[in-house]
1. Report, by residue number, each residue of the stretch 324-362 that is under 20 Å from the mean Cα position of the chain (by Cα), surrounded by fewer than 20 Cβ atoms within 10 Å (Cβ to Cβ) and small (Gly, Ala, Ser).
2. Any residue that is more than 20 Å from Leu284 (Cβ to Cβ), modelled with pLDDT under 90, out of contact with any Phe, Trp or Tyr (no Cβ under 7 Å at 6 or more places or on another chain) and in the same structural domain as Leu18 (by TED's automatic domain parsing) - is there at least one of those in the stretch 67-90?
3. Would you list the helices (runs of 4 or more DSSP H) that sit entirely within the stretch 306-373 and hold 1 or more residues that are under 21 Å from Ala176 (Cβ atoms) and among the polar types (S, T, N, Q)?
4. Answer yes or no as to whether Arg136 is basic (Lys, Arg), in contact with a Gly (Cβ under 9 Å, 6 or more places away or on another chain) and either touching a residue at least 24 places away in the same chain (Cβ under 8 Å) or in the same structural domain as Val260 (by TED's automatic domain parsing) (or both).
5. Is one or more of the residues making up the stretch 96-109 within 24 Å of the chain's Cα centre (by Cα) and under 30 Å from Ser301 (Cβ atoms)?
6. For Gly338, state whether it is farther than 21 Å from His210 by Cβ, in contact (Cβ under 8 Å) with a residue 24 or more places away in the chain and out of contact with any helix residue (DSSP H, G or I) (no Cβ under 9 Å at 6 or more places or on another chain).
7. Only one of these conditions is not met by Arg9: (1) surrounded by 15 or more Cβ atoms within 10 Å (Cβ to Cβ); (2) in contact with a helix residue (DSSP H, G or I) (Cβ under 7 Å, 6 or more places away or on another chain); (3) within 30 Å of Glu264 (Cα to Cα); (4) of a type outside the set (Gly, Ala, Ser). Which number is it?
8. Given the options Thr155, Thr159, Thr144, name the one that is surrounded by fewer than 18 Cβ atoms within 10 Å (Cβ to Cβ), within 30 Å of Tyr69 (Cβ to Cβ) and under 25 Å from the mean Cα position of the chain (by Cα).
Amino acid sequence: MKIAYIFERFPVPSQTFLRREVAGLRAHGLTVDIHSIFGVRWFEWFNVPVELARHPALLLAGMRWLFRYPPNNSENFWSTVHAALFALARARQIRRETPDRLHGVWATGPATAATILSRLCGAPFSFGAQAYDVYRHGGDAFLTPKLNAATFVHTTTETCATHLRQRAPKARVVLARRGLVSLPPIRQELRAPGPVRFLSVGRLVPKKGHLLQLATCVQLHRRGIAFQARIVGDGPLADNLRERIAAEGLTGLVELRGAVAPEEMDAEYAWADIFWHTGIVDWLGDRDGLPNVIPEAFAHSLPVISSDAGGASEANAALIVPAGNEPELTAVAAQLAGDEALRVRLGRAGRQWVEENFLAEKNTAILVEAFTQ
């Protein structure tokens, strides 16, 4: 079976999980051809008027969709326009490659492109839908009709699957979590004496709740708890976080590591005693599903503190606190910092959860079955 996989951009360093997904499908014998919406070659743009001439009703149908499902923000509008132009530009090549299936990795532009290409090329389509696609700005404007038209929709959390089924009861929603290709050795040794080490990994954006981590670090410092904290990642809040660290007297206690290459992340997890992910629902409604960094921390036998925003609570080996609740987060962090036996017990439970729920070979097989049915 040959599948045309449609991305916005590929590869993106922060989307290691999508590279694993593609590799897993190929390992099961499927042929996966990569197409990037922002990778159109200059000469392909000449195909746009040709396709419109071949399918004159397509432009009218697109106008009806925009009238019936108007995008509620400029980001969604331009994503839709660009996806439509990409589909027209790339249709000739995809017809020549004759894929059996079309698949958009996101429910936004890639799914829109897959929908249009399905009509132009005569191949069925499916797409992935994650928290960003579903919740930000209320979700993609065309999400419901795409749900109803797709052969299936892939999501990675029960929370998102429930939301999609409520939105389109007749849609076929396939739950297949992401997964790790291999697991690191189980951590055996107890930590050396010294400050307890907190690790956070994620883009520096509001929904990750890094400001809440800093507020908690202030409280831990006031309580006299010896700790160090690292925040791995980059993003628009970097300068804000750096200023807050200095203003709150956390210099030397909290370190912004910036972006770290995937192959160097094992060393970051090995450094840590506790992993925390303090996600919130931001002002646009955006939130995380089940962040891949939580199972990755579990794989390294780390205890995890997370919030009840999005699908993080589905990793039931984590300690879950209400999103945005700094006093409770402080209490849980202080408890875990002072109880090494609890950390070891939670780390073992997390490792077992990963072995049962987050192996790429097992979870990719669910996706393969969805494609081949």
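1. Ala360
2. yes
3. On the way: elements: 326-337, 340-357, 360-372.
It comes to 340-357, 360-372.
4. Against the criterion (basic (Lys, Arg), in contact with a Gly (Cβ under 9 Å, 6 or more places away or on another chain) and either touching a residue at least 24 places away in the same chain (Cβ under 8 Å) or in the same structural domain as Val260 (by TED's automatic domain parsing) (or both)), Arg136 qualifies.
5. no
6. yes
7. Going through the list (1) surrounded by 15 or more Cβ atoms within 10 Å (Cβ to Cβ); (2) in contact with a helix residue (DSSP H, G or I) (Cβ under 7 Å, 6 or more places away or on another chain); (3) within 30 Å of Glu264 (Cα to Cα); (4) of a type outside the set (Gly, Ala, Ser), Arg9 breaks only (1).
8. Values: Thr155 fails: surrounded by fewer than 18 Cβ atoms within 10 Å (Cβ to Cβ); Thr159 fails: surrounded by fewer than 18 Cβ atoms within 10 Å (Cβ to Cβ).
Going through Thr155, Thr159, Thr144 in turn, just one is surrounded by fewer than 18 Cβ atoms within 10 Å (Cβ to Cβ), within 30 Å of Tyr69 (Cβ to Cβ) and under 25 Å from the mean Cα position of the chain (by Cα): Thr144.
The values are calculated or read from the model by the stated rules, or taken from the named source; none is laboratory data. The model shown is predicted, which means the values in this text are computed figures rather than measured ones. Don't worry about glycine lacking a Cβ; one is built from the backbone with ideal geometry, like all the others, and counts go over all protein chains shown.
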